[in-house]
Amino acid sequence: MSGTALVDLAELAASGAPFALLARDGSTVEVLTGDVVDVELLADIPLTDAAGTPREVLALVPFRQVVERGFECHDDGAPLRCLVVSGRDTLGLADALSQLPGAPVPLRDAGFDIADEDYADIVRRVIAEEIGRGEGANFVIRRDYTAAVDTDPVIAGLTWFRALLEHERGAYWTFLVSTPGHLAVGASPEAHVSAQAGESGVSTVTMNPISGTFRHPAGGPARETLADFLASTKETEELFMVVDEELKMMSAVCSDGGRITGPHLKEMSRLTHTEYMLRGTSTMDPRDILRETMFAPTVTGSPMQNACTVITRHERSPRGYYSGVAALFTPRGDGGHDLDAPILIRTAYLVDGRLRVPVGATLVRHSDPYGEVGETHGKAAGVLGAIGAIDRAVAPVDEDAPAGAPRPLADDPGIAELLASRNARLAPFWLDPQAAPGGGPFAGRDAVVVDAEDRFTTMLAHQLRHLGFAVSILPWREADPERIAAAALVVAGPGPGDPRDDTSERIRRMREIVGSRLAAGSPLLAVCLSHQVLADRLGIDLAPLTSPHQGLQKTVDVFGSPASIGFYNTFTARVAPGTQHLGETEVAADLSTGDVYALRGPRYASIQGHLESILSGDGLITLERLVTHALTPTHA
């Protein structure tokens, strides 16, 4: 097809050939046709033909692809499906709407696969058994709205695509992908990751974490109800936690670690979300960028690896494509590819006459089980209402708004002020433009960061590079004794789990690493889980907190200096209140509870909080203080 030919969508649908419709700019619909190829790995996505000529590919990446990163899942064998584009055309929005069917698509036997009360029980178990036992900060558990559909699947999909174009707003992509035996149609609000051409082969990488869900009340949203939502501790912390998790990914793929802008509002027909934008630069292959960012914490949880394990424990069936991505690889002039990859949420799937709309809620320590049940209803209604499967919400009339366009709530000065005030709590290191790594007080020294299955280590490494270190990150399994012994500085990193767990191979290995550095008198910094391991080694008691500190920001005294720090811990080291020294170890602890925030002694220091977190306004300066102590041969 040429770029000017009029596409006959009815003819295309009748042909049975694979195709995709993408609405990305609000005024046109891209029509992609070609052949379908299923591949095993992201590296196998066929971005060039046999002659090496770049070509355009639209890939549907299922959740099961996390096995490439060694993570757990219910493996349903959903294929990594690639539409290798041979034909591309564009329709104006009005032309597309005129060709799309509009008759309602009846549903039968509709409802959630998990009853409300059963889902509420799952929420309770996750809070108690996972967050309450230190397995992570937040987890997304899904349920599916299902129904039988007798209408021809492609006609149903085209009908729903039209309805989404007409009735949903604020989507990043509105799309339909029809391949043999499988149809997906949706309006995703969230760009997971993009990589766009820059100078000298460097791509600008963007991620768009969206979290916090404001369900519009009857009659539509208003300033007062939205202001209450923006003031919610649960919703605010939920967004900060997913930003931290996506910064871990950005720090893994971008040499400059990523900078935060926002927050903004994402306003849709039935829901409004809060969001940030993260930007950095990278020279990585876009397929590698996609692999390193599988998948968004907004639909999985954090830390990512353990979130996948928790999902496997509590979800009853495989996810299919839910929480995966649709990834469009577009050739560019330098022989590389741009990447545009929205998350596969707010999407309806039609397979073998059965509609499935998966939705999930983000569960945190403050979660109310019935509130999370309501959130899944709201998210399902966002899709079902837009496609006309249920009654659509009627928005209130704003007499002062331009005809046909509701006034954005973000334009309200009070709402804008509430949004902007959130950044006052965050670390300037991630908000401000960053100087290029290099130089710094520790230039010329090397550091090894041991990853205990929490990729906060990528952010730690980025901060250490800004302090001058040459940094290597080693997974705990690969941290061999010789490498640990040779490093000028070892940073024993954070991770999930109970530090007292003698059955965990990971915990035992972290004990060995911490112990070997102490025994050798070699510089050591221990963070979060490893701080607790160090405390245990020094004879300090460990105990679970009454209420987990997952995503909690506190100002604490760190050896005479107040520091605003973000905490992600369920367990704590604890001393008698008022204790300041234990032998050679200096203790910084809460005066009333004895909960230990930091330790330092001959050639070692530790911190319970995450100095690398966006919640740690004083993180970088505190990190420099603790590292300086660990590297100093003698102490007063």
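Please treat every number below as a calculation from the coordinates, not as lab data. Quick caveat: nothing in here was measured; it's all calculated off a predicted structure. Positions of Cβ are generated from backbone atoms using ideal geometry, with glycine treated the same way; all protein chains shown enter the neighbour counts.
Approximating the spin labels as points 7 Å out from Cα along Cα→Cβ, the Asp152-to-Asp121 distance works out to 4.4 nm. Look at the dipole of the chain built from charges on Cβ: of Gly92, Val57, Ala535, the Cα furthest out on the positive end belongs to Ala535. Remark: spin-label model distance Arg313-Asp35 equals 4.6 nm, labels positioned 7 Å along the Cα→Cβ axis. At full extension, Ala103 and Glu129 could sit 4.6 nm farther apart than now, given 0.36 nm per residue minus the alpha carbon distance. Ranking Thr225, Gly212, Ser516 by how far each Cα lies toward the positive end of the dipole of the chain (charges on Cβ) leaves Ser516 at the top. For Asp480 and Ala17, the FRET efficiency from 1/(1 + (r/R0)^6), where r spans their Cβ atoms and R0 equals 51 Å, is about 0.45. By its C-alpha gyration tensor, with a ≥ b ≥ c as the square roots of the eigenvalues, how is the range 586-636 shaped: rounded for a/c under 1.5, else prolate for a/b larger than b/c, else oblate? It comes out oblate by the Cα gyration axes.
For the chain, the longest principal axis of the alpha carbon atoms and the long axis of helix 153-167 meet at an angle near 70°. Relative to the current alpha-carbon distance between Asp432 and Arg332, full extension at 0.36 nm per residue lengthens the span by 32.9 nm. Taking packing as the residue-averaged number of other Cβ atoms within 10 angstrom, the listed peptides 540-549, 380-389, 167-176 run from highest to lowest as 380-389, 167-176, 540-549. Translational diffusion coefficient of the range 433-631 (Stokes-Einstein, Kirkwood radius from Cα pairs, 4 °C, 1.567 mPa s): 79 µm²/s. Computed log10 I(q)/I(0) for the range 536-636 at 0.11, 0.23 Å⁻¹: -0.30, -1.34, from the Debye equation with unit scatterers placed on every C-alpha and solvent omitted. Taking each DSSP H run with n ≥ 4 as -39500 (n - 2.57) and averaging over every residue of the chain yields -8000 deg cm²/dmol at 222 nm.
Relative to the compact-globule estimate of 2.2 N^0.38 Å, the Cα radius of gyration of the chain comes out at 0.99.
Per-residue Cβ neighbour counts within 10 Å put Lys248, Lys234, Lys379 in the sequence Lys234, Lys379, Lys248, beginning with the fewest. Once the C-beta distance of Leu419 and Thr28 is scaled by a Förster radius of 30 Å, the resulting FRET efficiency is 0.45 to the nearest 0.05.
Relative to one another, the C-alpha centroids of the range 457-493 and the range 160-224 are positioned 37 Å apart. Short-range pairs are left out: with C-alpha atoms under 8 Å and at least six residues apart, the relative contact order of the chain is 14 percent.
Each Lys and Arg contributes +1 and each Asp and Glu -1, all at the Cβ; summed about the Cα centre of the chain, the dipole is approximately 1120 debye.
Kirkwood radius, the range 53-109, all distinct C-alpha pairs, inverse of mean reciprocal distance: 15.7 Å.
A simple charge model with +1 on the Cβ of Lys and Arg, -1 on the Cβ of Asp and Glu and nothing else charged puts the dipole of the range 459-559 at about 220 debye relative to its Cα centre.
Other residues within the sphere of radius under 10 Å centred on the Cβ of Pro577, judged by their own Cβ, net out at -1 (K and R +1, D and E -1).
For the range 522-591, the fraction of C-alpha pairs more than 19 angstrom apart is 35%.
Label separation (Ala218 vs Asp352): 4.1 nm, computed from points 7 Å beyond Cα along the C-beta direction.
Sequence-ordered 3J(HN,Hα) estimates for the range 60-77 from the Karplus curve with 6.51, -1.76 and 1.60 and θ = phi - 60° stand at 9, 9, x, 4, 4, 5, 4, 4, 4, 9, x, 8, 7, 6, 6, 8, 8, x Hz, glycine and proline given as x. Compared with the dominant Cα axis of the chain, that is its longest principal axis, helix 369-386 is turned about 30°.
Peptides 286-293, 445-452 ordered by packing proxy, namely the average of other Cβ atoms within 10 Å per residue, highest first: 445-452, 286-293. The lysines whose alpha-carbon is closer than 24 Å to the alpha-carbon of Lys248, local same-chain residues fewer than 8 away aside, are Lys234, Lys266, Lys554.
Legend: calculated FRET efficiency, Leu591 to Asp8, from the Cβ-Cβ distance at R0 = 51 Å, rounded to 0.05, equals 0.10. Principal axis extents of the Cα atoms in the range 140-278, from largest to smallest and rounded to whole angstrom, are 51, 46, 27. Residue order for Ile621, Ile141, fewest other beta carbons within 10 angstrom first, comes to Ile621, Ile141. Using the Kirkwood radius built from alpha carbon pairs, what does the Stokes-Einstein equation give as D for the range 74-171 at 25 °C and 0.890 mPa s, in µm² per second? Stokes-Einstein gives a translational diffusion coefficient of 136 µm²/s.
Since only Ser15, His629, Pro602 are under comparison, the one whose Cα sits farthest along the positive direction of the charge dipole of the chain, derived from C-beta charges on Lys, Arg, Asp and Glu, is Pro602. How far, in degrees from 0 to 90, does helix 505-520 lean away from the longest principal axis of the Cα atoms of the chain, to the nearest 10? The helix 505-520 is inclined about 40 degrees to the chain.
Annotation: the residues Ser592, Ser616, Ser178, sorted from fewest to most other C-beta atoms within 10 Å of their own C-beta, follow the order Ser592, Ser178, Ser616. Residues of the range 422-461 with the amide nitrogen closer than 11 Å to a label point 7 Å from the Cα of Ala488, along Cα-to-Cβ, please. Correct set: 439-448.
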